[in-house]
Every structure is written in structure tokens, then in C-alpha cells.
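Peer 1: Dropping a structure here in C-alpha cells format, bear with me for questions.
The values are calculated or read from the model by the stated rules, or taken from the named source; none is laboratory data. These numbers were taken from a predicted model, which means no experiment stands behind them. In this analysis, Cβ positions are derived from the backbone assuming ideal geometry, glycine residues included, and neighbour counts consider all displayed protein chains. Each accessible area value is taken on the protein alone, full model and side chains, heavy atoms only, with ligands, DNA and RNA left out. Shrake-Rupley method; radii C 1.70, N 1.55, O 1.52, S 1.80 Å.
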Amino acid sequence: LPIIALENVSKSYASETKALQDVSLRILKGEFVFIVGSSGSGKSTLIKLMLKEVEPTIGKVYVNGKELTRLRRGQVPAFRRTLGIVFQDFRLLKDRTVFENVAFAQQVIGAGKHEILKKVPDILATVGLIEKAEAYPKELSGGEQQRVALARALVNRPSILLADEPTGNLDPKNSWEIMSLLEEINRNGTTVVIVTHNREIVDRMKKRVVTMKKGIVVSDEKKGGYSYEK
Ligand code: ADP
Ligand code: ADP
């Protein structure tokens, strides 16, 4: 059974832009998938549908066994907490330390002090930031900030990690570090879906690549490359 499925999904915004047209896509538990395509091809819309940030105009979206249009408003926060999300611009809380940024994700789900004191250092060790636990975001490099964001996304052990341009603000060295972490997380069983423009990474990692163009999936390759035309 797929952990994410879009069935004949079309999405039109109010402006009548057809952001997606009859897209069907299945992602199995444990897969590592890149989504590529030029700006405006529908990648963000795809991710937003998976998060139930937007609704399909036509078709169905299933995530973690749930058909998202059938989730009631009150169920949406709990649903989103089963997902880990990472953005290009990190989105850390500036007035909180690294430890507190990660702990915050645990507090939101009602984790106790004992659990937080065990899990936060564990995940900070995984991303290699244990010695920066008391630092504030502005004292960290971009790569370190993204590793904090990753730790925060992962501390509640989501079944799926969605990343929208996670290396968009990073230099090649830090980009590769983030990608190795994502690969490691995936090896441990988390399904990973990454929107990216990073050609070198996509070409070298030989993962599944879904290519979007003008709201359509134009290719979907098991060990693909970054090959869409601008
Ligand atoms: P991001 O890529 O940072 O997630 P958005 O998803 O908000 O940004 O926007 C993605 C694309 O959709 C951009 O090309 C943007 O210009 C376009 N867009 C966003 N909101 C609107 C809108 N209200 N009307 C028209 N286009 C929009
Ligand atoms: P990508 O992430 O590949 O850049 P998007 O999914 O953001 O593509 O956008 C796909 C199309 O939908 C674009 O034409 C964009 O302008 C349009 N779009 C995205 N968000 C909105 C919105 N909120 N309102 C109107 N149009 C939007």
C-alpha cells in the first residue's frame, strides 16, 4: 500500500491557473523521491496537497492511510504532526536555543520532561550538533541551521519527511551533508520526499525522480536524473 497517493488530482487556484492537471502518483513506504521541475510546474502545490494546506479541485489525496478531504478540521493538526517538514529558509525560532527549538516540537505533542531530555540530545547527536545545543540560530552557519530544522522535523519520529528546497540556501558541502542525513534517515525507514533544483545532487544520488512540467508529471524514473527542459 502506498504511504502517499494522488489519484487523478487537478488543482486550480482562484485565478484559474491550473497548477496540477490529472496527476496520479504513488509513493511507497520507505521510498526516497526527488520532485524536480521548473518554477511554476506545480511542485509546491504537490507538497501543499500532501500537507492538506490546499485542497484538490478534483481527485483524491491519501497520506498515511487517510483520504485528506475527509479529515475534519480538528483532525488536521494531529495529522500534520505525523509528518516532518523542512523548508529552504529553516524557519527556526530566533529567540530560542538549538535545544529549545527541537524541544518545542516535542512539547507541542505533549511529551514529558523525561522524554524530551532523552530524545532531544539523541536527535542532536544524529545531526552532529550536540555541542551547539545552547547556541542561538544566529550563531550558526546555514548548514548548521538546516541541521537543527532537520532535528526538529525528526524528533517526533514522523513516518514521512517532506522537504521543500532543503539545500536552496546552502553551499555544496553543506548541501551534501544535509542530503547524507536525509539518506540515513531514509535507511532507517522514513519515507523521504524532496523538492529540489539541485542538479548535481539529483544526478549523483540515483534515486527515484518525478519530473513536473506545467502541472503534469512528465517523467517518473526509478533511478533518475535531473533532466527537465527549462
Ligand atoms: P514558495 O515557492 O516559497 O512555497 P509559494 O508557494 O507561495 O512560494 O508560491 C509558489 C508560486 O506560486 C510562485 O511562483 C508564486 O508567484 C505563485 N503564487 C503564490 N501565490 C500566488 C497567488 N496568490 N497568485 C498567483 N500566484 C501565486
Ligand atoms: P512550483 O512549486 O513548481 O514553482 P507551484 O505549485 O508553486 O509551482 O505553482 C504552480 C502554478 O500555480 C503556478 O502557475 C503558480 O503561479 C500557481 N499558483 C501557486 N499558488 C497559487 C495561489 N495561491 N494562487 C494562485 N495561483 C497559484
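Peer 1: Do any trypsin sites (Lys or Arg not before Pro) in the stretch 60-107 lie in a DSSP loop with no more than 10 other beta carbon atoms within 10 Å, and if so, which?
Peer 2: Arg72, Lys94
Peer 1: At a probe size of 1.4 Å, how large is the accessible area of Tyr13, to the nearest 10 Å²?
Peer 2: Near enough 80 Å² of accessible area.
Peer 1: Could you please report the charge total around Gly215, scoring K, R as +1 and D, E as -1 over all other residues with beta-carbon less than 11 angstrom from its beta-carbon?
Peer 2: +4
Peer 1: Among Gly215, Gly112, Gly59, which one moves the most in a GNM of the chain with springs linking Cα atoms closer than 10 Å?
Peer 2: Looking only at Gly215, Gly112, Gly59, the largest GNM fluctuation is found for Gly112.
Peer 1: Can you say what percent of the DSSP beta bridges in the chain, counting only those with both residues inside, are antiparallel? Round to 5.
Peer 2: 50
Peer 1: If you don't mind, there's one more thing I want to ask. Quick check: net charge around Arg72, other residues with Cβ under 13 Å of its Cβ, Lys/Arg +1 and Asp/Glu -1?
Peer 2: It works out to a net charge of +3.
Peer 1: Separate question: Regarding the stretch 117-210, what whole-number volume in Å³ per residue does the convex hull of its Cα atoms give?
Peer 2: Value for the stretch 117-210: 97 Å³ per residue.
Peer 1: Dipole magnitude of the chain about its Cα centre, charges +1 at Lys/Arg Cβ and -1 at Asp/Glu Cβ only, in debye to the nearest 20?
Peer 2: The calculated dipole for the chain is roughly 640 debye.
Peer 1: Moving on. Please work out the C-alpha center-to-center distance from the stretch 30-89 to the stretch 107-180 and express it in whole Å.
Peer 2: 21
Peer 1: Moving on to the next point. Please compute the length gained on full extension between Ala78 and Glu134, using 0.36 nm multiplied by the number of residues separating them and subtracting their Cα-Cα distance.
Peer 2: So the chain would gain 17.2 nm between Ala78 and Glu134.
Peer 1: Over the chain, with a Gaussian network built from C-alpha contacts below 10 Å, which listed residue (Thr57, Thr45, Thr167) shows the highest mean-square fluctuation?
Peer 2: Checking each option, the largest mean-square fluctuation is seen for Thr57.
Peer 1: Taking the Cβ of Ser41 as the centre, find all other residues whose Cβ is under 10 Å away and add up their charges (Lys, Arg: +1; Asp, Glu: -1).
Peer 2: My count for the surroundings of Ser41 gives +3.
Peer 1: Can I ask one more? Given all pairs of different Cα atoms, what value in angstroms does the Kirkwood hydrodynamic radius of the stretch 22-141 take?
Peer 2: 17.1
Peer 1: Give the carbon-plus-sulfur fraction of the accessible surface of the stretch 75-193 in %, rounded to a whole number; probe 1.4 Å, heavy atoms of protein chains only.
Peer 2: 51
Peer 1: Please list, by residue number, every one of the GluC sites (Glu not before Pro) in the stretch 1-58 that is coil in DSSP and has at most 13 other beta-carbon atoms within 10 Å.
Peer 2: In loop regions of the stretch 1-58 (DSSP not H, G, I, E or B), the sparsely surrounded GluC sites (Glu not before Pro) are Glu16, Glu53.
Peer 1: Restricting things to alpha carbons, find the Rg to Rh ratio for the chain using the Kirkwood radius for Rh.
Peer 2: Answer for the chain: 0.97.
Peer 1: Between Asp89 and Ser159, with labels modelled 7 Å along Cα→Cβ, what's the label distance in nm to one decimal, could you check?
Peer 2: For Asp89 paired with Ser159, the spin-label model returns 3.2 nm.
Peer 1: Mind putting together the pair-distance distribution for the stretch 185-226? All Cα pairs, 10 Å bins, whole percent per bin, short to long.
Peer 2: Histogram of Cα-Cα distances, whole percents per bin: 26, 54, 19, 1.
Peer 1: Using only the alpha-carbon atoms, how far is helix 98-108 inclined from the longest principal axis of the chain? Give it as 0 to 90 degrees, nearest 10.
Peer 2: Its long axis makes an angle of about 60 degrees.
Peer 1: Please work out the FRET efficiency for the pair Asn188 and Leu1, using the Cβ-Cβ distance as r and a Förster radius of 22 Å; give the result to the nearest 0.05.
Peer 2: 0.65
Peer 1: Going toward the positive end of the dipole of the chain, with +1 on Lys and Arg Cβ and -1 on Asp and Glu Cβ, which of Phe79, Ile194, Asn156 do you reach last?
Peer 2: Phe79
Peer 1: Per residue, how much accessible surface does the stretch 134-230 expose to a 1.4 Å probe? Answer in Å², no decimals.
Peer 2: 47
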